[in-house]
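Below is one structure; the comments refer to it alone.
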Amino acid sequence: MDTSIIQGISTFRGSVFPGQQRMYQRLVRDGQQPKALIIACADSRVSPEHITQAGPGELFVCRNAGNIVPPFSQMNGGVSSAIEYAVVALGVRDIVVCGHSDCGAMKGLMQPGALKDMPNVAAWLRHSHAADRIVCEAYPDDIDPADRLRVLALENVVVQLTHLRTHPSVASALARGRLSLHGWFFEIETGTLHAYDGSRFVALSDDAPLPVAEVSVPRFATADPSGAVGVGAE
């Protein structure tokens, strides 16, 4: 193992943990109460905790190649389980899907031939095919390759938000007004964070409210939540 990792562990145990021991003991005693679930890419350059400057216990994080959320199915999976646990057990009020620039997963989606020796990655990326289709058919054919990679990563965030709504725990929490959904895009090279407002991505600024993809507002498919509408009608 890389010596820098071993040295980091040693520094944590010897210099960092002693000053934070009470905090960790409190987290064990009181349990975790994260503010949000962040579904981010496994890319080593993109750390949700670092970007948000969150401390231990403040975020529930799920990372995978391409910040993907598979549509709900009865087949168990790590991402689906993390979502369900975060919403039902932890009661998070916000879920963020965070994409980023220079994403290797999106590069693989653009160049499927590069994945011939990585069949599992290729199969995983099928959950992003809708984003690829959008870029191929809705954007100009002559778009610059770098711009194509960027818009593919942006559209992928939107597609994964759509998948997120298919999860029963998420759908229920949204209907009860207990959950808000967010789409973020982190530019590694500039440190800029863009947020999806339901129609487009806008760069965050310190003096503006955080855009929300889907706000936490109770909603029902009927004007009468009691279900009495139409009862007894001929």
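The values are calculated or read from the model by the stated rules, or taken from the named source; none is laboratory data. What you are looking at is a predicted structure, and each value in this text was computed from that prediction instead of being measured. Cβ sites come from the backbone with ideal geometry, for glycine too, and all protein chains shown count toward neighbours.
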(request) Starting from the range 130-142, take each residue that is without any contact (Cβ under 8 Å) to a residue 60 or more places away in the chain and closer than 16 Å to P71 by Cβ and list its partners that are aromatic (F, W, Y) and assigned to a helix (DSSP H, G or I), counting only C-beta distances under 8 angstrom and pairs at least six apart or across chains. (result) none
(request) Give the number of residues within the range 150-205 that are over 15 Å from the mean Cα position of the chain (by Cα) and within 17 Å of P70 (Cβ to Cβ). (result) 3
(message) Checking G113 against (1) over 17 Å from the mean Cα position of the chain (by Cα); (2) at positive phi; (3) not polar (S, T, N, Q): exactly one of these is not met. Which one?
(response) (2)
(request) Only residues that are part of a loop (DSSP other than H, G, I, E, B) and of a type in the set (A, V, I, L, M): list them for the range 64-87, please. (result) A65, I68, V69, M75
(request) Output the number of the condition that A54 fails; it satisfies all remaining conditions of (1) at pLDDT below 95; (2) under 19 Å from H194 (Cα atoms). (result) (1)
(message) Please verify whether V92 is modelled with pLDDT of 95 or more, in a loop (DSSP other than H, G, I, E, B) and surrounded by 19 or more Cβ atoms within 10 Å (Cβ to Cβ), treating the condition exactly as stated.
(response) yes
(request) Of the numbered conditions (1) in contact (Cβ under 8 Å) with a residue 60 or more places away in the chain; (2) surrounded by 14 or more Cβ atoms within 10 Å (Cβ to Cβ), V159 fails exactly one; give the number of that condition. (result) (1)
(request) Please find, within the range 11-45, the residue that is farthest from A89 (Cα to Cα) out of those that are of a type in the set (S, T, Y) and surrounded by 10 or more Cβ atoms within 10 Å (Cβ to Cβ). (result) T11
(message) Residue pairs, Cβ under 9 Å, 6 or more apart or interchain, first in the range 105-121 and within 15 Å of I68 (Cβ to Cβ), second among the small types (G, A, S) and loosely packed, with under 15 Cβ neighbours inside 10 Å. List them.
(response) A105/A42; K107/A114; G108/A114
(request) Please find, within the range 156-180, the residue that is farthest from V92 (Cα to Cα) out of those that are outside any loop (DSSP other than H, G, I, E, B) and in contact with a Ser or Thr (Cβ under 9 Å, 6 or more places away or on another chain). (result) N156
